[in-house]
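The values are calculated or read from the model by the stated rules, or taken from the named source; none is laboratory data. Given the structure is predicted, the values throughout are model-derived calculations rather than measurements. Cβ placement follows ideal geometry from the backbone for every residue including glycine, while neighbour counts extend to all protein chains displayed.
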Amino acid sequence: MSQTTTRRSAVAAAIAVLGLLAAIAATLGSSSAGAAGAASTTTTTATTTTTVAPPKNTQPPSVTGTPQEGQKLVGHRGTWSGVSDYNDFWVRCDKDGGSCANISGANDRNGYILKSVDVGNTIRFKVEAKNSGGTTTRSSTPTAVIRAGKTPPPTPASGCPSGTGTIQIAQLSSPARLTIDRQDISPPIIGGSTQQLQVRFHVSACKGRNVQGALLYVTAVPFQQFSIPPETHTGADGWAVMTMTRLSGFPAATHQQLLVIFARARKAGEDLLGGVSTRRLVSFRVDLNR
């Protein structure tokens, strides 16, 4: 074989080896890139969010009290969990417990006084419970239908209050009348030298019961014999005591034997000649020789 042919074969073999090496290098480079990509994977940390549940009611609100006008109802919230705050409402509903509406200004669970507008309706107590997770509302069952309040007993036709014992003048009304049924004077006999009198009058009503607080007015007749004292209230025993001072008109006659006194008992605020008032003329013995 010639030298030229030998050299050509050697070159061809070298070229083949170089191609093989290039192919191997390419394969290794691709694998390294894949490995590097896998090695460069980013790690992500997950964030967990906690959700707060709204308040939970396990026993509903309730109402206690008498369902009658003028009576008080009390609200009870029931049993709750997870509550940070409450709002309370009194609610007026129809007779069947429906068509409910909050009662303006009625938010005190410790007491709601039933009014005339509640008569014929029912009442519920509503609770609104809150926390950061929301609001839960629950209502009581409706009360029984609200009844009208008791009508106070009418004033007896006699004008006299029931019972026994002393009557307060405010308790007395027409057709009852006051009565001036006893009187007393000191000194018991008015003399020519008497300068001052103490007179006492007793006022009663309704079959002799003492009257306290009646106004008593007295004056001597004719006038100017003795001073006119201020009107005086009767006490719990029915008596009023007044002092009268001698004036220039006494004695009214040279041989005067009696001192006549006009007395009037009345109820303050009533007409002087009407209502339960009464009037009386009484006389006391005079002896000018004393």
Restricting region 116-151 to residues that are assigned to a loop (DSSP other than H, G, I, E, B), touching an Asp or Glu at 6+ places or on another chain (Cβ under 7 Å) and in the same structural domain as VAL63 (by TED's automatic domain parsing), the one nearest to TRP90 (Cα to Cα) turns out to be ASN121
Top-ranked residue of region 124-156 - restricted to ones that are farther than 15 Å from PRO60 by Cα and within 20 Å of the chain's Cα centre (by Cα), ranked as modelled with the lowest pLDDT: LYS150
In region 222-236, is there at least one residue being outside any loop (DSSP other than H, G, I, E, B) and in contact (Cβ under 8 Å) with a residue 40 or more places away in the chain? no
What do you reckon, is LEU272 at pLDDT 95 or above, surrounded by fewer than 16 Cβ atoms within 10 Å (Cβ to Cβ), assigned by TED's automatic domain parsing to the domain that holds LEU178 and not β-branched (Val, Ile, Thr)? no
Just give me the residues in region 54-100 being assigned to a strand (DSSP E or B) and in contact with a Cys (Cβ under 8 Å, 6 or more places away or on another chain), in sequence order. VAL91, ARG92, CYS93
Could you tell me which numbered condition MET244 fails, if it satisfies all but one of (1) at pLDDT 95 or above; (2) under 20 Å from PRO188 (Cβ atoms); (3) in a loop (DSSP other than H, G, I, E, B)? (3)
